[in-house]
Every structure is written in structure tokens, then in C-alpha cells.
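Visitor: Dropping the structure in here first, questions after.
The values are calculated or read from the model by the stated rules, or taken from the named source; none is laboratory data. In this text the structure is predicted, and so the values were computed from the model without any measurement. Here the Cβ positions follow ideal geometry from the backbone for every residue, glycine too, while neighbour counts run over all protein chains shown. Quick note on the areas: whole protein, heavy atoms, side chains included, nothing else; ligands and nucleic acids left out. Shrake-Rupley method; radii C 1.70, N 1.55, O 1.52, S 1.80 Å.
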Amino acid sequence: MHQQALPKFRVAICGGGIGGLTLAFCLSQCPDLQVDLYEATARFSEVGAGIGMWWRTWSIMKTLRLDGDIAALLVPTLHYRKADQPEGFDIGDVAARGGLLTLHRAEFHQLLLNRLSPRCQTFTGKRLRHYIQPIPSGAPIQLVFQDGSTASCDLLVGADGLRSVVRTLMLRGQAKLADARSARAEAVRLRDCIQPRWTGVLVYRVLIPAERLRLIAPDHRIFSVPTQYLGKNRHLMAYPISHGRFVNVAAFDVQYNKEGSLFTDPWVAEVDPLNVKQLYSDFEPEAKQIVDCIDGLQVNQWAVNVIKPLPTFVSDRVALLGDAAHAMTPFQGAGAGQAIETLHHSLRIYSEVRRPLAYQVAERSRRNGTYFALHDVGVDGAGSSLTELGRKIQQSFDWLWDSDPAVDHRRAIDLLERELSGRL
């Protein structure tokens, strides 16, 4: 007689961005898992332009054997200048262990999509409406999508971004339980974590054909080292991507007095390049050379929103990943990397290991934003104040090469083994 195959453990991932794709890639290597990846939009695609990847995340890429196509893009340092004046001043370099990897977000996204195992089923046009996590907890989780279709799974992972439906449903459910226990303050805190809040930061993103900049500045600094040009409440970052074919530019305009408010306009909108050029009209020439190249190109304004720290990333057999769990500002160059780094006991341990680091990164990123905007740092010109600012910027990145994701992995395994041994 043929032995009947045991049913596979079913994992549903809602969200086909970088975090969801990386998780799907990892889990689909296991033959005992069925992985279903649901993307809300009509096709798998990634918004945004360039991303930076530091040593922690790069080491994971090597472990996953995803490094071969992108290793040549590593650069050794990141340079900072005070630039909101006719003649800029060097602040210093962040010399990174293992270098900084600069990537086109869409190209990296496509690389992950191409490497998915056939064991991973992918679905598009599947925006989650709600899920039902039955009692007893061993029964399958039921998924209902906006188009009326349904599915089931044993584990649900919400990698569905800042406006996460999974997070909203999870926190509402936890708040309802808190209400039932008369824990009113806890219920209020949980509901307060649902709605994203504006950081006071607007970022203007644009991809410049590299040849356009080479025509006016063949030896421009950014072709050899990614550079951030800092100014009071304005700063911009530029570096080559796509093997040097494009220059990724992210220009920031900050209003920290509005941090924590609700951004009621569209979060992403196309804007007139002239408006962006005017923001940096008083910057030094090499910064203005970059901004002058955006004429006639599509420039998108993004309102940078985040969510308040969550008490947990899991609820029974539902877990949150990436921006759905810990959306952060982009000033550590680690948002995508944090999404890349991820059963009841396993999920609890995941939350215990991931939350402290994710929120440490989020706070460092917020602090970096204030440094780059020269906010409350006492910098008015050249001299010792710039040296001190450079030291603070360097220190804010130290965790990226002083910490090791293998240590977090080992800690998670140790916690899981301890948990299981206590139950045998």
C-alpha cells in the first residue's frame, strides 16, 4: 500500500513587495510547506527607485545565494557634506564594513520574483478584505478577498505595507479582547497603532539618466561615492544604480513641527520639477548640478509616514512583516533590509527577537533625519561642530557592521529549542 502523504503546512503571505517575496523565497525551499503569495495589485511590481543594502542584509543575501547578480554594485563609503551655502564643507565619510550595496528597487524585486520556487503559488489582484482565525486555534485561518474569493491557511503573514489590512484587523481584534477584559487603556493604545502618522518629511524621488549628469559634470563626486548633501531642513541623497545607467536622487524637505500629525493629501503625487529645484537653489554648485538634471523627468513627492511601535508582531498564527510591522523613515538605509531579516511559539519568538532591533533601527533612522536636516544640532558653518556631526552620523550606522544577523538567528533557535524542550 502507498502511504498517504501528509498535508502540507500552508503559509499565506499577503503582500508581494521585497519583504513578502524574500519570505516566500525562503519558505518555498522547504518541501513540507505550501506557500501562497497574494498581491493586491494587478501585477507584481515595486514602487520607488533606489535602495541601499548594508552588511547585515548583504550577509543574508549571501546565505540565500542571492548575491551573485548584485555583488559588483558594492561601494565602500558614504560621503556627507554641508551644502546649503555657496561653498560646501565636507562633514565626513561613513566607512561601512562590507560596503554599501546600491540597487534599483524594481530590479531587485524582479530578481526575487524570478528566483521563487515552483512550490510557491503566486496570485495577483487579491486584496485582503478580512480574515477569520477560528477557535479552536488548530482550525485553518479563513481569508476573504475584495473580489469575493476565499482561501485558507495555517499561518498568515501580513507583508502588506504601511496601510496593512492584516495589521488593522489584528489590532482591532486585540483591542476588542482588551475591551472585554475592561483594559480600556490597552485597547486605546492598540487602536492608536492602526493609523499611520506623518513624520513631517516629504521626499522627492527621481531617476536621472547618468549621461545627463555626465554631460555637465563628467567627474561628479556621486559617480565614485554615494553622497548626501545636508542643509537646514532640506537635504538630498544621490548615487548610481542599475550598473551606472541611472542616478537615484532622493531630495528631502522636512517640517518636524508637524511630526505625528495626519497627512490628509495623497501620500504619493507627481510634482513640477521646478518646485523641487527652487528648494535647493541656495545649495552649493555640485548639489545644484544634480537637481538641474531633473527638468522634464517624472518627479514624485512621497509623504513619509510611520506607525507607532506595536506591542507585538504576532497574534496566535498571524504575523506582521516589514512596513506592516515597523514602518520607518529612510534615514538608515535599512527599511528594505529590515523587511528581509524574518507555530504559535515560533511566532512569539520571532516577535521577541525582531521587535527590539526593528525599533532601535527606526529610532536611529529618525535621529539621522534630524542630523541630515541640521535640526537641533548647532551647525551653522564649518569647524568643530561639523566634525562632531560627522562623528554622530558615523556612530548612528555602527550597528550595521558591529552586529551580526547570525547572532539573532542563533538566539531565535535557542529560544525555540528551550521552548520545545520544556514541553516534551
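Visitor: List the helices (runs of 4 or more DSSP H) inside region 249-333, counting only whole elements, that have at least 3 residues being over 22 Å from the mean Cα position of the chain (by Cα).
Guide: Filter on region 249-333 gives 273-279, 285-291.
Visitor: To continue, here is another question. Any chance region 233-242 includes a residue that's out of contact with any His (no Cβ under 8 Å at 6 or more places or on another chain) and surrounded by fewer than 19 Cβ atoms within 10 Å (Cβ to Cβ)?
Guide: No, that holds for no residue.
Visitor: Looking at Ala362, Ala382, Ala334, Ala339, can you tell me which residue is open to solvent by 20 Å² or more (accessible area, probe 1.4 Å) and at pLDDT below 65?
Guide: Ala382
Visitor: On to the next question. Taking region 85-105, which residues are in contact with a Gly (Cβ under 9 Å, 6 or more places away or on another chain), modelled with pLDDT of 85 or more and surrounded by 19 or more Cβ atoms within 10 Å (Cβ to Cβ)?
Guide: Ile91
Visitor: Can you tell me which residue within region 161-218, out of those that are in a helix (DSSP H, G or I) and small (Gly, Ala, Ser), is most open to solvent (accessible area, probe 1.4 Å)?
Guide: Checking each candidate, the answer is Ala180.
Visitor: From Ala287, Ala303, Ala250, grab the single residue that is surrounded by 14 or more Cβ atoms within 10 Å (Cβ to Cβ), farther than 23 Å from Arg214 by Cβ and of a type in the set (Gly, Ala, Ser).
Guide: Exactly one of Ala287, Ala303, Ala250 is surrounded by 14 or more Cβ atoms within 10 Å (Cβ to Cβ), farther than 23 Å from Arg214 by Cβ and of a type in the set (Gly, Ala, Ser), namely Ala303.
Visitor: Restricting to region 260-284, what's the tally of residues that are surrounded by 12 or more Cβ atoms within 10 Å (Cβ to Cβ) and among the charged types (D, E, K, R)?
Guide: 3
Visitor: How do the pairs read when you match residues in region 256-279 that are aliphatic (A, V, I, L, M) with residues anywhere that are open to solvent by 80 Å² or more (accessible area, probe 1.4 Å), using Cβ under 8 Å and keeping only pairs 6 or more apart or on different chains?
Guide: Going by the 8 Å Cβ cut-off, the qualifying pairs are Leu262/Gln195; Val268/Val47.
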